[in-house]
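Q: This structure is in structure tokens; I'll ask about it shortly.
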DNA sequence: TTAATCCTATTGTCGGACAATAGCAATATG
DNA sequence: CATATTGCTATTGTCCGACAATAGGATTAA
């Protein structure tokens, strides 16, 4: 006989609200850009009170599935690569990952990204890379903020040019972390701007020539060089990034 | 003159509650594993009502910064790599990334991961890899679930062995996505198990020999082979993963 | 026609209330 | 004495009702 019972489904109501709406989003029943019904409507539909609905909405909000539109109304938004990257890098920081872990990942992934980029970057994207370099060149040598932005923008353009949202999100989360940390050491790294510009120039040449090996090679050097800046600045690579 | 005013800080109270607690966590004032005060306490401390506090808690909950302990009490938890990976892969799925994007990322990143693994895997970890292979070999050939688990477990062990939480999270999120999708096609991929086992064997050999080039090479083949399974199964690689 | 004003729908916050539940203490039972 | 049951208490989950704040649209004034 089987007179025993299954454990009954016992999740808080706000969680069920969250899951229900999440389901409707992932199934496409609630399309990207559509407005969420008002809280009062949701109360009626789910048969719960506004407090409960609102707790569910907070979950959706933090999950990045809904964003505030005009008039505070929520509308549906499927998470973009940049959202994932931002959330991930924040979590990494909170999780206490170290500089060396980030740089290690950077050194592992970006050369291959560069190799791929050599094959895949559009002419327009390569043009953007050159323009970004020109902008950096035009900046004053002691404008460290411009140097950091120029370095990060270059990585960013490569990541975007791969035309792959998964890799974009991953590389972008690395970009966010190195950008934040570069800012703190750039002032102490002599000649950083010149060396960055040189590497970028070589990389663009490789991209133009569609030479993946050379691109990967220069990216390796570029990253090693950036890392050296950290060592010169005597940053403890085993400390957590903030 | 500058008689103009800055835009005043106007964030909802529940958001401020969220940020305040998040701050205390990231600054270390609330240590990992510590219990959060009761809702009533938080009300008193922040000077807001329980509804407001609870909405803030929902944000923290979804952000993965607090988890339910026994007795429903919350305690602090810094996000681990696996949390980040799970959140990211979920977001990728909701964002509608395609099979080919995932496989593209896989093919780009894992060979380099394997190269690194050849240098970095501990003997114990390599032993685990072999044991995982033995377990897969022992499974029945038509036990597709075991095949999928064996394939994913192998990737998982390599990712863990890199001893880098950033890469672990990234590779793990890929693992989650391919695992989920492999499950749907494995039955239609003939001889999949044998070919997987063969690649795994070659990879372990390369790891033992600490030969990064060979490891990267076999990983490339292994992944290409898995991908071919998809093509044989006539999966639309441009469709969104679910 | 444009600018100021009112109106309305919706969100943000409040306060209180009570049921549900987990953990613990007290009690009963053998 | 050991164990099982019961009751107690603190805390969370949910509900209700209320009101201020605000954004947008409608309406009126210029």
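Q: Go ahead and run the numbers for FRET between residue A:82 and residue B:225, Cβ-Cβ distance against an R0 of 35 Å, rounding to 0.05.
A: Details: r = 33 Å, r/R0 = 0.94.
According to the calculation, E is roughly 0.60.
Q: A follow-up question, please. Place the label 7 angstrom along Cα→C-beta at residue A:183 and in each other copy, then list the distances from the first to the rest in nm, shortest first.
A: Label point to label point, same position, other copies: 4.1 nm.
Q: Given region B:82-232, report the % of alpha carbon pairs whose separation exceeds 21 Å. Numbers along the way, then the final one.
A: Working: 4494 of 11325 pairs.
Value for region B:82-232 (Cα pairs over 21 Å): 40 percent.
Q: A follow-up question, please. Between region A:174-242 and region A:14-33, what's the alpha-carbon centroid distance in Å?
A: 42 Å
Q: Take the protein assembly as shown, drop everything but the C-alpha atoms, weight them equally and run the Debye formula without solvent; then report log10 I(q)/I(0) at 0.06, 0.07, 0.09, 0.13 Å⁻¹ to two decimals.
A: Treating every Cα as an identical point scatterer, log10 I(q)/I(0) equals -0.32, -0.43, -0.72, -1.37.
Q: Let me ask you something else. Taking the 0 to 90 degree range and rounding to the nearest ten, how far is the long axis of helix B:99-120 tilted relative to the main principal axis of chain B, both from C-alpha atoms?
A: 80 degrees
Q: Further, regarding this structure: By counting other Cβ atoms within 10 Å of each Cβ, how are B:241, B:8, A:21 ranked from fewest to most?
A: Values: B:241 20, B:8 5, A:21 26.
The fewest-first ordering by Cβ neighbours comes to B:8, B:241, A:21.
Q: Let me have the relative contact order for region B:47-101, percent, based on Cα pairs under 8 Å that are six or more residues apart. Could the numbers behind the result be given before it?
A: Details: 22 pairs, mean separation 10.3, N = 55.
Relative contact order comes out at 19 percent.
Q: To continue, here is another question. Considering only B:159, B:138, B:107, give the residue with the highest GNM mean-square fluctuation for chain B, with springs between Cα atoms whenever their separation is below 10 Å.
A: Among B:159, B:138, B:107, the largest GNM mean-square fluctuation belongs to B:138.
Q: Explain nothing, just the number: relative contact order of region B:13-76, from Cα pairs under 8 Å at least 6 residues apart, as a whole percent. Numbers along the way, then the final one.
A: On the way: 59 pairs, mean separation 27.8, N = 64.
The normalised contact order for region B:13-76 reaches 43 percent.
Q: Okay, moving on. Note the distances from residue B:122 to each other copy's matching label point, with points 7 Å along the Cα-to-beta-carbon direction, in nm, sorted shortest first.
A: Output for residue B:122: 4.8 nm, nearest copy listed first.
Q: Between residue A:13 and residue A:194, what is the label-to-label distance in nm when each label sits 7 Å out along the Cα-to-Cβ direction?
A: Reported label-point gap for residue A:13 and residue A:194 is 6.9 nm.
Q: Measuring from centroid to centroid over Cα atoms, what is the spacing of region B:93-130 and region A:86-156 in Å?
A: 22 Å
Q: Quick one: order A:101, A:22 by neighbouring beta-carbon count within 10 Å, fewest to most.
A: Working: A:101 24, A:22 19.
Fewest-to-most ranking of A:101, A:22: A:22, A:101.
Q: So how tilted is helix A:81-95 from the main axis of chain A? Cα-based, degrees 0 to 90, rounded to 10.
A: Here the helix axis deviates by roughly 90 degrees.
Q: What do you get for the angle between helix B:192-208 and the principal long axis of chain B? Use alpha-carbon atoms, 0 to 90 degrees, nearest ten.
A: Between helix and principal axis, roughly 80 degrees.
Q: Counting pairs of alpha carbon atoms under 8 Å apart in space and at least six apart in sequence, what relative contact order in percent does chain A give?
A: On the way: 267 pairs, mean separation 56.6, N = 242.
Relative CO of chain A lands at 23 percent.
Q: Specify the residue with the greatest mean-square fluctuation among A:68, A:183, A:228, computed from a Gaussian network of chain A linking alpha-carbon atoms under 10 Å apart.
A: A:68
Readers should treat all values here as calculations from the given coordinates under stated rules, not as data from a laboratory. Quantities reported herein were computed from a predicted structural model and do not represent experimental measurements. Virtual Cβ from ideal backbone geometry, glycine too; neighbours counted across all protein chains shown.
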